[in-house]
Amino acid sequence: FSLVKSGVFMLLAGAVIIFSACDDGSGGGGGGDNGSPLFVAVGYNGLIYTTVDGTSWTNHSKTTSNFWSVIHGDKFVAVGNGGIIYTSVDGETWESQTSGIASAIYGVAYGKGLYVAVGYDGVVLTS
């Protein structure tokens, strides 16, 4: 397969993946050794995969909860079921963050230095 654009559903290693985030390689957020973009795909059963070429993928999974969205601002942020939030500055090392909620977070966006996550039953979180 090939990478198309944000929000594309694809099949990777037999699991549904929601592709969404890309660091453009300009520095500060992963990317390849030569400044190439780093793409992050998240999905069912806690899957987190990264690639710089769309062909060779690396698994960085940390949980078994489903992820629903991932974005790149000044870092990668992935959100999902049970209020899970994982962050990574380089796409390689992922750390769990506390959301303070137990319901699903379905989407996350970034703009003007602010992350906004939305979830079940009208939940809105900002950071």
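Phi angles across the range 60-71 convert, under the Karplus curve 6.51 cos²θ - 1.76 cosθ + 1.60 with θ = phi - 60°, into 3J(HN,Hα) values of 10, 4, 10, 8, 10, 6, 5, 8, 10, 7, 8, 9 Hz, Gly and Pro given as x. Dividing the radius of gyration of the alpha carbons in the range 33-107 by their Kirkwood radius gives 0.97 for Rg/Rh. Compared with the alpha-carbon gap, the fully stretched path from ALA102 to THR64 is longer by 12.2 nm at 0.36 nm per residue.
The simple spin-label model puts a point 7 Å past each Cα toward its Cβ; for VAL124 and ASN45 those points are separated by 3.6 nm.
Starting from the 7 Å offset along Cα-to-Cβ, what nm value, one decimal, do you get for the label separation of ASP74 and LEU114? A separation of 1.5 nm, rounded to one decimal place.
Read-outs throughout are calculated quantities, based only on the coordinates presented, and are distinct from any laboratory measurement. Keep in mind the model is a prediction, meaning the values are calculated, not measured. Neighbour counts run over all protein chains shown; Cβ positions are idealised from the backbone, glycine included.
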